[in-house]
Amino acid sequence: MLTCPAPALLKQAIHSPSRAQLADHIPTTSRSPVVIISSSHQCQSFHKSSHKPMNRLRSCRPHHSPGRLARRTERRIIALRLNRRWGPHRIAYHLGLARSTVGRILARYNMPRLTEVDQATGLAVRRPPPVRYEKTSPGELVHLDINKLGRIPDGGGWRAHGRGSAPALAADRAKTR
């Protein structure tokens, strides 16, 4: 959530005539006083520049990425993965790129991991389904962690009143007589 930098600016934004003119075009989330300044100005500038309805804001995605890797290099990465079955570390070392860049490109082209590829054919094999704890109702799966903190005798119970205590043994002797 965006916040106002100063209360004076907030009052100015609430009572400005331009805000009253824009009230029909500003999205309802931006009508709260907390988001007024940045969102409404963004809506206003977008509306003036494009003459489109202001019910949606522009995407923040850039129109072009000058730092993106060349398509030729991306094709070389995919070719090395398919032909030589190399991992991202080896491909990155071979091409002089960062490992994270190679990993991102392999993920972008939905290339399976080397552990999911058949070594003989190079085809992707089906990976085993993940082990999940999914139950139909709450409380169906109960997990208990038990930690033995003290010395519990073989008979179990409490020393004072349990099976191995003196009163319990005396009571057992009395029953058997």
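The values are calculated or read from the model by the stated rules, or taken from the named source; none is laboratory data. Because the structure is predicted, anything quoted here is derived from the model rather than measured. Here the Cβ positions follow ideal geometry from the backbone for every residue, glycine too, while neighbour counts run over all protein chains shown.
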Of the residues in the range 101-145, those that are more than 17 Å from Trp86 (Cβ to Cβ) and either of a type in the set (Val, Ile, Thr) or touching a strand residue (DSSP E or B) at 6+ places or on another chain (Cβ under 9 Å) (or both) come to Val125, Val131, Thr136, Val142
So the helices (runs of 4 or more DSSP H) completely within the range 70-140 holding 3 or more residues that are within 24 Å of the chain's Cα centre (by Cα), free of Cβ contacts under 8 Å to residues at least 40 places away in the same chain and surrounded by 14 or more Cβ atoms within 10 Å (Cβ to Cβ) are 99-108
Regarding Leu57, is this residue more than 24 Å from the chain's Cα centre (by Cα), surrounded by 12 or more Cβ atoms within 10 Å (Cβ to Cβ) and at pLDDT below 90? yes
